[in-house]
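Undergrad: Take this structure, written in C-alpha cells, and hold onto it; I'll ask about it next.
The values are calculated or read from the model by the stated rules, or taken from the named source; none is laboratory data. What you see is a predicted model; the values in this text were computed from it and never measured. FYI the Cβ positions are ideal-geometry reconstructions off the backbone, even for glycines, and counts take in every protein chain you see. Note: areas computed on protein heavy atoms with side chains; ligands, DNA, RNA excluded. Shrake-Rupley method; radii C 1.70, N 1.55, O 1.52, S 1.80 Å.
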Amino acid sequence: MTGSPKQDEVSTERSSVSEWMRALGRATGNPGGGAASGLMLSIAAGLTAMVAGYTEPEHASARRTERSGGTSGSGDDPEATITALRARAEVRSALALRLADADAEASHAFGSAFRRPRGPERDEAIRAASIEAAAASARLGEHAVEAVDDLAWLAEHGNPALIADVAVAIGALRAAITGARTNVSFDLGSVRSAHESLEEVRRAEPALFDLVPVFDRALERIDRLAASIDADAAPTE
C-alpha cells in the first residue's frame, strides 16, 4: 500500500484533503489554481454521481410528464439514462484528480522555465512550458464542458429533493471551467515573454486559442442553468 506523499510531493489524487489544503496554502504554486480547478471538476462529478444514484426512474418519468403537460413524452429509457449518466460521472470524478496532478506538473515546468537565465534557451523553455501548461488546462476544461449536459439533465429530471446538491455541483463545475478558461488564456499569453506576439501564438496554436470562446459559451450556459433552478434550490429568496 502506498503511503502518504511527502510534503513536496502532494498529489490531488493521492493526498488526504487536509494534506492537499495545507499544500495549497503554501507559497509554492504546487498545487495551485489549475489543480484546484481539477478538484472542483471532481467535486462536481462526484455530486452528479450522487444525485444520479438517488434518482429513481419514476422521478425522471414523473418530472418529464409534469413538464410536458401531462403526457409521457418521448420513449427514452430513464433507467438506462441514469445508469449511463452515473457511470460517466464516476469516471469523470476520478479522471479529474489525475488531470489536476498533470496540470500541477505542467505548472511546475512553467515556473522552472521562467527561472532560467535569460537567453534563447530560456525563451524556448518558456514557449514549450507555456503551451504544455495551456494544453493541460485545456484537457481539464474540455472534460468539464462535457459534464454540463449531465447536470442539465439532472436539473430537469433528477430527484427534486436533491436540487440543492445539483446547484452546488453547478457552482463547482463553473469554477472548474472558469479556471481552465483563464489558465489556457493566461498560459498562451505568457509566450509573449519568449518574444512572440499573441498573433504568432494564435497561428501556431489555433486549437488552444479557439477553446477560450468555447469555455465562455459553456459558462453562459451554466449561468442560465443555475438561474433556471434557483427558485427550487433556494426558495426563501
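Undergrad: Based only on Cα atoms, what mean projected area does the convex hull of the chain have, in nm²?
TA: 16.2
Undergrad: For the pair GLU199 and ALA109, what calculated FRET efficiency results from E = 1/(1 + (r/R0)^6), where r is the Cβ-Cβ distance and R0 = 30 Å, to the nearest 0.05?
TA: 0.75
Undergrad: Another question about this same structure. Suppose every K and R has +1 on its Cβ and every D and E has -1 on its Cβ; what is the size of the dipole of the stretch 148-192 about the Cα centre, in Debye to the nearest 20?
TA: The dipole of the stretch 148-192 has a size of about 320 debye.
Undergrad: Let me ask you something else. Charges only on Cβ, +1 for Lys and Arg, -1 for Asp and Glu: so what's the dipole of the chain about the Cα centre, in debye to the nearest 20?
TA: 700
Undergrad: Using a 1.4 Å probe, what is the accessible area per residue for the chain, in Å²?
TA: Computed with neighbouring chains in place, this is 52 Å² per residue.
Undergrad: How large, in percent, is the carbon and sulfur part of the accessible surface of the chain at a probe radius of 1.4 Å?
TA: Within the chain, the accessible surface is 53 percent carbon and sulfur.
Undergrad: Also, I was wondering about something else. What ranking do 48-54, 9-15, 119-125 get when scored by the average of other Cβ atoms within 10 Å per residue, highest first?
TA: Listed from highest to lowest mean packing, they are 48-54, 9-15, 119-125.
Undergrad: Run lengths n ≥ 4 of DSSP H only: what is the helix-derived mean residue ellipticity at 222 nm for the chain, with -39500 (n - 2.57) per run over all residues, to the nearest 500?
TA: Helix contribution divided over all residues of the chain: -26500 deg cm²/dmol.
Undergrad: Return the FRET efficiency for the residue pair ASP76, GLU124: r is the Cβ-Cβ distance, R0 is 35 Å, and the value is rounded to the nearest 0.05.
TA: 0.10
Undergrad: What order do PHE215, PHE186, PHE110 take when sorted by accessible area (1.4 Å probe), most exposed first?
TA: PHE186, PHE110, PHE215
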